[in-house]
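To keep things clear, I will list the structure first and then write my remarks on it.
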Amino acid sequence: MKIDDKYDGFKSFDELVSESKNLNQTNRTNFAFNQNNFDDRKETLQNHKHKKTLRHLFDIGSIISIQAFKYDGTLYRQYEGAKIIANLKDFVVLLLLKSKVAEQQINWIARDPILFFFAKNKFYNATVTLKENKHNYIYVNLSSPFYINNNVIQYIDFDIDVKSYIDEEFNVIDWQDFKESITKYHYSFQLIHRLYDELDYLFDQFKTKNGVFSTKLVNNIEKMLKEQGDI
């Protein structure tokens, strides 16, 4: 795949896929979505919490990568140069700024600052593109709970999304892609039901202006980043 000269040093998508395949095969296999496995992992984490033996996953300020997979384990998008900026009660938040993004057919660089919210124990993540006029753009991916492996955040994208612009709309998009993925990847009824529940939850968050739809939360993070000189 030809890479534009201005992306000097930017790995091709094929190289990223090759690197992904070299990850520990057991970890990759365990990452495939399974509700029972997810519940088991959550119970294990809770038990570890009581024992105070939680493993160290990341440091604030770390620069890491993000990998998005399809349900069959195929890597389809990778972000490089994402900075972990906050560990909140409900989210781990990263900053994308001049971060490199690779897909099979296209590469690009995130020019505007983007906040990447990874919800804890929920089936979505979201990006908030920060605009100078405060007309921020929110994009929510219905996805598996995120997983951290070898300094890489990984998740499975379920091909149904939500767009929201300047707090005035809540649009569920990619219904056709979702229907095709249900057939192609054999989504279980349990998973489909869980994703519909997540959409209901997100719409409630939108109506009450909580979570990623909270202007106060986004503004406070933006203020922090400006004070720290990150944006």
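Observations on the model:
- Considering all C-alpha pairs of the stretch 162-219, those separated by over 19 Å amount to 40%.
- Theoretical gain in end-to-end length, residue 60 to residue 231 [0.36 nm per residue, Cα-Cα removed]: 59.9 nm
- Computed from phi, the 3J(HN,Hα) profile of the stretch 136-147 under the Karplus parametrisation 6.51, -1.76, 1.60 (θ = phi - 60°) reads 5, 10, 10, 10, 10, 9, 6, 8, 6, x, 6, 9 Hz, with x in place of Gly and Pro.
- Full extension of the chain segment joining residue 131 with residue 87 gains 13.5 nm, where the gain is 0.36 nm per residue of separation less the Cα-Cα distance.
- Antiparallel content of DSSP bridges confined to the stretch 103-146, in %, to 5: 100 percent
- Scalar couplings 3J(HN,Hα) for the stretch 103-120, obtained by applying the Karplus form with A = 6.51, B = -1.76, C = 1.60 to θ = phi - 60°, are 10, 5, 9, 7, 10, 8, 10, 6, 7, 7, x, 10, 8, 10, 9, 10, 6, 8 Hz; x denotes Gly and Pro.
Any read-out appearing in this document is the output of simple, stated calculations on the displayed coordinates, not a laboratory observation. Not measured: the values here are computed from a predicted model.
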